[in-house]
Amino acid sequence: MRTYIFPGSFDPFTLGHLDIAKRAAKICDKLVVAVMNNSAKKAMFSVEERIEMIKICLKDVPNVEVVARDNLMVEVYQEFGASAVVRGLRSESDFRYESEMNAANTLMYPEYQVIFLPCRAELTFTSSSIIKEVANYGGDISRMVVPAVEDMVHRKVQQMRDGKA
């Protein structure tokens, strides 16, 4: 059984993430979408909220499991007996960063494998950071996220403005 891990902070889950997840799910038996803690980023959404949005987006993909983890990627890889980690690439800088991460993970666990999937051209400039910035200024994010996630983002922005988040 080929199990792939698709890790990320997914804050929020974008159309780019959705595209990579659906494509990856087609080439493995099981896709584990792992919501990972990124200590370098301040999350807008709680882990539970991110899991909820991912489950909404991938509800029609039967071979997907959504989990949260707060440890090294190689540990998650071993926990699930993974065949590969799936990483989406938007640019040359993504490739450089992901290649460095792959090298580090391979040093820790030589069996570690990664599959790079390029994003669709129209999603090249879509990122969670851009979505949060645009939403914060009241801009249109409807072509970057699914409608349910768009609603969640707008509610969270409003909560932050009201001092309730």
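Any read-out appearing in this document is the output of simple, stated calculations on the displayed coordinates, not a laboratory observation. Predicted model only: the values in this text are computed from it and were never measured. Methodologically, a virtual Cβ is constructed for each residue, glycine included, from the backbone with ideal geometry; neighbour enumeration extends over all protein chains shown.
In table form, for the structure just shown:
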quantity	calculated
Label-to-label distance, nm, for residues given as D140 and E98 (7 Å Cα→Cβ offset)	2.9 nm
For a label point 7 Å along the Cα-to-beta-carbon line of I115, residues of segment 8-33 with backbone N under 15 Å	19-33
Note, ³J(HN,Hα) from phi for segment 16-24, Karplus 6.51, -1.76, 1.60, rounded to Hz, x at Gly and Pro	x, 4, 4, 4, 5, 4, 5, 5, 5
Exceeding the 21 Å Cα-Cα cut-off - candidates K22/K55; K55/K164; K59/K164; K41/K156	K55/K164; K59/K164
Structure-derived percent of Cα pairs over 24 Å apart - corresponding label in (1) 33; (2) 38; (3) 50	(1)
Among K132, K42, K59, residue whose mean-square fluctuation peaks in a GNM of the chain (springs only between Cα atoms under 10 Å)	K42
